[in-house]
Amino acid sequence: MNRLFSIGASLLLLLTVVPAGAASLRGVIKADGEGGSPVAKVEVSGIPPGNKKASNDDGTFLLEFDKKPGDSVEIIIKKEGYEVINYFELTRLLPSDPDSHPVTVYICERARREEMARRFFRLASFEAIEARYQRQLQELKSRGEATAAELAKALQD
């Protein structure tokens, strides 16, 4: 009887430590976008409230939520003077296996946020395309070759 009571008490203790339906989210914090180095000591928490953690020396973190896989959560990242680049990654569905879909969050210094976002989202390429078009247009005009057909070709290119 004592053995049965001991097993029952152990199961009850296990159930109170690990909530039914609990799910975890694993991730890593990196600096300045793809290829960036890991960032340690970044405060990471979640909504609905999960546990608050600081990223490890290798930038990794593990958050646990009293939710089940498939439920939506929001990640909150805090580091003085830094902002998140890929903000769209902060709202996630909890995976059934936290190792199967870890989240990567890129942060950068607040003053460099716009530049890093352009790089991350490859917005600079649009500016480069526009600059190239303007150069071609100027060359055509300077040579007096700016016919409608040539302007249309430059625009198409």
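Within a straight-line Cα-Cα reach of under 23 Å, residue 52 can be paired with the following lysines, leaving aside sequence neighbours fewer than 8 residues apart in one chain: 30, 41, 67, 68, 78, 79.
Maximal additional length on extending the residue 141-residue 40 stretch stands at 31.0 nm, based on 0.36 nm per residue less the C-alpha distance. The order of the peptides 103-113, 30-40 by mean Cβ neighbours within 10 Å, most packed first, is 103-113, 30-40. Once the chain from residue 72 to residue 104 is taken as fully extended at 0.36 nm per residue, the excess over their C-alpha distance is 9.9 nm. Distant-in-sequence amide contacts of residue 85, defined by a placed amide H-H separation under 5 Å and a gap of 5 or more residues or a different chain, comprise 106, 107, 108. Taken about its Cα centre, the range 61-103 carries a charge dipole of roughly 60 debye when the Cβ of each Lys and Arg holds +1 and the Cβ of each Asp and Glu holds -1.
Ignoring lysines fewer than eight residues from residue 141 along the same chain, the ones with Cα atoms less than 17 angstrom from its Cα are 153.
Between residue 118 and residue 52, the FRET efficiency from the beta-carbon distance, with R0 = 25 Å, is close to 0.20. If you take all other residues with their beta carbon under 13 Å from the beta carbon of residue 55, and give Lys and Arg +1 and Asp and Glu -1, the sum is +4.
Just so you know, all these numbers are worked out from the coordinates, no wet-lab data involved. All figures in this text were calculated on a predicted structure; none of them were measured in a lab. So basically every Cβ, Gly included, is an ideal-geometry build from the backbone, and we count neighbours across all protein chains shown.
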